[in-house]
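To start, the structure under review is shown below, and the notes come after it.
The values are calculated or read from the model by the stated rules, or taken from the named source; none is laboratory data. Everything numeric here is computed off the predicted structure, so don't read it as measured data. Quick reminder, even Gly has a Cβ in these numbers, built from the backbone with ideal geometry, and neighbours come from all protein chains shown. Ligands, DNA and RNA are excluded from the accessible area calculation, which covers all protein heavy atoms including side chains. Shrake-Rupley method; radii C 1.70, N 1.55, O 1.52, S 1.80 Å.
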Amino acid sequence: VYKLVQALTPEFGVMSYESRNTTLNSKLLTLNSYLDLVAIGTIADSVPLTGENRVLAASGLNELNSRNCRTGIHALMEAAGINNGIELKSRTLSYTIIPRINAAGRLGDASEVVELFLTTDAAKAKGIAAFLGTRNKDRQRVEEEVYKSAVSMIDAGNPGSAIVLYSPAWHQGVLGIVASRLVEEFYRPAFVFSVDGAAAKGSARSIPPFHIYKGLAECAGLLLAFGGHSQAAGVKILTENLPAFTKQINSIVERDLNDDALTPVLEIDAAIDLFEVTFNLVRELGMLEPFGSSNEAPLLGVKGIEAVDPRVVGNSHLKMRLKQKSLSMDTIGFNMSELLEKIEGSYTLDAAFVPCINEWNGSRILQLNLKAVRPST
């Protein structure tokens, strides 16, 4: 929409920011005032953050960080505990603002979000933001229930080449998130359906080596409708065809992918020592922001370190300090609690992480955002 408006008003594209013409400047400011929404939409939709997308997202983040954004987004920030001292980055949006925006539509009607973006009434915006926060907690609860139910249906030792699961008890609004979590845990293409009588609707997520839309196209004779791209899709199917679809999509994945392709791989950008992680390093890496699809945060690795006081926090997150010689550093592994037993039995570890700065209650500390860990060989 932003690009359409820009195309329909070509004078904006050639006008200098230093223009002394106040009338033109007011028009330019009107167009730029939508950059906060452009940044949120670009990051929320996981489009490649390269080229013009990166420029627009970065410009929008600048607007957000200057707090030069609309009333409703201000209210969302306050509801999420993002005060004026916290710098908004793409990751912050992904884990705080965007889930609140999406929650209403996932569980019902998204019209409240439209009202939030349109209103200039601070009190009304605050009320809607609080409502969205509650809806997001509801979404998290529903998502966790569906995810646990789905995992209970999978043979962890032999999940198959593709994961196809379905139930009439599952809420359709969280199927995409659950499919993504299954892909992350089992590294298989995942198809998750909510059954409603004679038909089932589902979401599909894939792994990089498998083009999920092409796979679905080969199953078109069994499907009522499908659409998507290489890594994600939506599907509608007759309930009676689900067993046949399960068999056919597994056969296609087995044909196209060997065991190596079904083994997850992390590409480490640099091997370092722990003492090299400093505030200055995080600042320098931050110059590559905004991070996201096709411009991932640099992944660093360290070998032969010690885990100090590993424990589970928030039900599913792995919390500990990693120690190398006399230096130790705070570490968090989101949704990695299942690794606790492996860590507790190991003398030294290898770890892959993204260094960041954790800002909480006015304090700033270096923290390692853990992406993978294994016992040292």
Report yes if some residue within the stretch 248-257 is surrounded by fewer than 13 Cβ atoms within 10 Å (Cβ to Cβ) and within 25 Å of residue 206 (Cβ to Cβ); otherwise report no. yes
Criterion violated by residue 58 - all others in (1) under 17 Å from residue 287 (Cα atoms); (2) open to solvent by 50 Å² or more (accessible area, probe 1.4 Å); (3) not in a loop (DSSP other than H, G, I, E, B); (4) not hydroxyl-bearing (Ser, Thr, Tyr) satisfied: (2)
Count, please, the residues in the stretch 324-373 that happen to be at pLDDT 85 or above and closer than 25 Å to residue 278 by Cβ. 33
State whether the residues of the stretch 285-306 include one that is β-branched (Val, Ile, Thr) and open to solvent by 40 Å² or more (accessible area, probe 1.4 Å). no
Limited to the stretch 199-239, what total is found for residues that are part of a strand (DSSP E or B) and either of a type in the set (S, T, N, Q) or at pLDDT below 95 (or both)? 3
From the list 114, 146, exactly one residue is under 28 Å from residue 194 (Cβ atoms) and loosely packed, with under 15 Cβ neighbours inside 10 Å. Which is it? 114
The lone condition residue 242 fails out of (1) aliphatic (A, V, I, L, M); (2) open to solvent by less than 20 Å² (accessible area, probe 1.4 Å); (3) more than 27 Å from the chain's Cα centre (by Cα); (4) over 23 Å from residue 174 (Cβ atoms) is (4)
Note: among 183, 142, 178, just one is aliphatic (A, V, I, L, M) and out of contact with any strand residue (DSSP E or B) (no Cβ under 8 Å at 6 or more places or on another chain), namely 142
Having 1 or more residues that are open to solvent by 70 Å² or more (accessible area, probe 1.4 Å) and β-branched (Val, Ile, Thr) is the bar; report the strands (runs of 3 or more DSSP E) wholly within the stretch 309-377 that clear it. 363-375
For residues in the stretch 258-269 being among the hydrophobic types (A, V, I, L, M, F, W, C) and surrounded by 11 or more Cβ atoms within 10 Å (Cβ to Cβ), which is modelled with the highest pLDDT? 268
For the stretch 171-178, check the following and say yes or no: at least one residue is open to solvent by 40 Å² or more (accessible area, probe 1.4 Å) and closer than 24 Å to residue 95 by Cα. yes
Can residue 189 be described as open to solvent by less than 10 Å² (accessible area, probe 1.4 Å) and closer than 30 Å to residue 255 by Cα? yes
Members of the stretch 41-55 found to be of a type in the set (Ser, Thr, Tyr), buried (at least 19 other Cβ atoms within 10 Å of the Cβ) and outside any helix (DSSP H, G or I), listed by number: none
Residue tally, condition closer than 18 Å to residue 297 by Cβ and outside any helix (DSSP H, G or I), over the stretch 87-114: 3
Among the residues of the stretch 269-318, which ones are under 25 Å from the mean Cα position of the chain (by Cα) and of a type in the set (Phe, Trp, Tyr)? 279, 291
Counting only residues in the stretch 1-40 that are outside any helix (DSSP H, G or I), modelled with pLDDT of 55 or more and not hydroxyl-bearing (Ser, Thr, Tyr), the one most open to solvent (accessible area, probe 1.4 Å) is identified as 1
